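Remarks on the structure that follows.
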Amino acid sequence: MATLETIQARIKKLQTQAETLIAKRAQGALDQIRELMIKHGLTTEDIERRAKARREARLGIKSSAKKTATAAKGKLPPKYRDPKTGATWSGHARPPAWIKDVKDRSKFLIDAAAAVSEPAVTVKSTAKKAAVKKAAAKKAAGRKVAKKASAAGVKTAAKKAAVKTAGKKTAARKSAAKSAAPTVGKRVAAKKAAAKAPAKKAAAKKAAAKSVAPVAEAPVTVQTPAATAGEA
């Protein structure tokens with residue numbers, strides 16, 4: 001029986017062997033990486049620069065997504081408008097370039113009624129678009145249902161026609177069998193009569209032979225007259 005100490009010693013040996021194998025594999029991977037870097041003229045700085053650019057791109061995407069989410073949540077109505085381009089600004093956060101350096105911003109102010117009516121108009125237009133989309137979806141669904149119903153009606157009509165044709169075929173077969181039955185009976189009777197005809201002929205021949213057979217002649221006895229006494 002192996003003791004605990006021997007088992008532990010084996011485990012240690014196996015661990016050392018595994019570590020050496022891992023080190024060899026890592027060294028091989030490093031050699032391959034060095035060969036590729038030398039082949040393509042790359043350095044560790046190039047790799048770090050590209051990794052950094054990827055990280056920044058990921059972080060930028062996340063931050064822009066967060067900004068858009070916050071803007072969508074708390075979107076404020078526009079307060080200023082550029083008369084040349086029609087761009088608007090709510091008056092909060094960072095000002096755009098067209099109003100950034102302007103001291104008197106009252107020139108770019110939007111009327112309160114117009115500012116209030118613009119969101120209402122946008123809401124109405126979006127509601128109309130949604131209603132149009134819903135109506136189009138309903139029409140498409142109705143067309144699909146109608147197509148399915150028509151296809152089902154065609155299938156049922158085809159099935160009924162197939163059943164009718166099958167019934168007609170069976171009826172035709174039955175009538176053909178009925179019409180063929182008497183002819184078969186006649187044929188069988190004719191065969192039986194033909195088979196009996198030779199026997200009748202043989203019986204007739206036998207009867208004719210019997211009637212023609214010669215009659216047996218009876219033996220004729222000649223009686224001689226007895227001698228008289230004078231003659232004697």
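Label separation (residue 54 vs residue 161): 6.5 nm, computed from points 7 Å beyond Cα along the C-beta direction.
In the structure shown, do any of 79/100; 79/103; 79/107; 144/164 have a Cα-Cα gap over 22 Å, and if so which? Walk me through the intermediate numbers first.
Numbers: 79/100 14 Å; 79/103 16 Å; 79/107 11 Å; 144/164 30 Å.
Violating the 22 Å Cα-Cα cut-off are 144/164.
With a simple spin-label model that places each label point 7 Å from the Cα along the Cα-to-Cβ direction, the separation between residue 30 and residue 194 comes to 11.0 nm. Taking each residue as 0.36 nm, the span from residue 11 to residue 175 lengthens on full extension beyond its C-alpha to C-alpha distance by 49.7 nm.
In this rough spin-label picture, where each label sits 7 Å from Cα along the Cβ direction, the residue 148-residue 206 distance is 8.7 nm.
We did not get these values from a lab; they are worked out from the coordinates using the rules stated. Note that the structure is predicted; figures quoted are calculated from it, not measured. All Cβ positions, glycine included, derive from the backbone under ideal geometry; neighbour counts span all protein chains shown.
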